[in-house]
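The values are calculated or read from the model by the stated rules, or taken from the named source; none is laboratory data. Bear in mind that the values here come from a model prediction, so they are computed numbers and not experimental data. Using ideal geometry, Cβ is built from the backbone for each residue, glycine included, and neighbour counts are taken over all protein chains shown. Note: accessible area is taken over every heavy atom of the protein model, side chains too, but ligands, DNA and RNA are not part of it. Shrake-Rupley method; radii C 1.70, N 1.55, O 1.52, S 1.80 Å.
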Amino acid sequence: MIMSCFHGDRNFCPECGNVLPLPGLENTVRCPRCSFSIAVSEFLGREIHSTVVFNPLDKSSLVQDDGDDSKIKGPVIDRRCSRCNKEGMIYHTRQMRSADEGQTVFFTCVHCRYQEKEDS
């Protein structure tokens, strides 16, 4: 018998360590990564808790001063703006889709502040 290197919490697959999905209508919970399955009865009596924390809007990174004297910060790359046709755009990335897909890259022109995005 091969022993697993993952032990403990029933929320994780004992074979590969992946997070197990919540029990559904079927009699088993199947790991989406390695297909390990466990009976739903193993989860009887378990409570699942989650917490949502809302940050104050003034502390949010989405709030920006868009005044004419505010500076855009970030790495500048040689990319031509599709609006003003000048070189120089700042970029940042975000994981907007599922983790197994590429990041979304957001570009901001340093001249006219036009924004565009590219899914990689």
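By how many nm would the segment from Val40 to Cys112 lengthen if fully extended, with 0.36 nm per residue of separation less the alpha-carbon distance?
Numbers: separation 72, 0.36 × 72 = 25.92 nm, distance 5.66 nm.
Using 0.36 nm per residue and subtracting the Cα-Cα distance, I get 20.3 nm.
3J(HN,Hα) couplings calculated from phi for region 81-97 with the Karplus curve 6.51 cos²θ - 1.76 cosθ + 1.60 (θ = phi - 60°) are, in sequence order, 5, 6, 8, 9, 6, 9, 7, x, 9, 9, 10, 8, 10, 9, 8, 8, 10 Hz; Gly and Pro show x.
Given a Förster distance of 30 angstrom, what is the FRET efficiency for Val105 paired with Leu25, based on the Cβ-Cβ distance and rounded to 0.05? Working shown, then result.
Values: r = 39 Å, r/R0 = 1.31.
It comes to 0.15.
Solvent-accessible surface (1.4 Å probe) assigned to Arg94 amounts to roughly 100 Å².
Can you give me the Rg/Rh ratio for region 8-51, using Cα atoms for both radii and the Kirkwood formula for Rh?
Values: Rg = 10.2 Å, Rh = 10.9 Å.
Ratio value, two decimals: 0.94.
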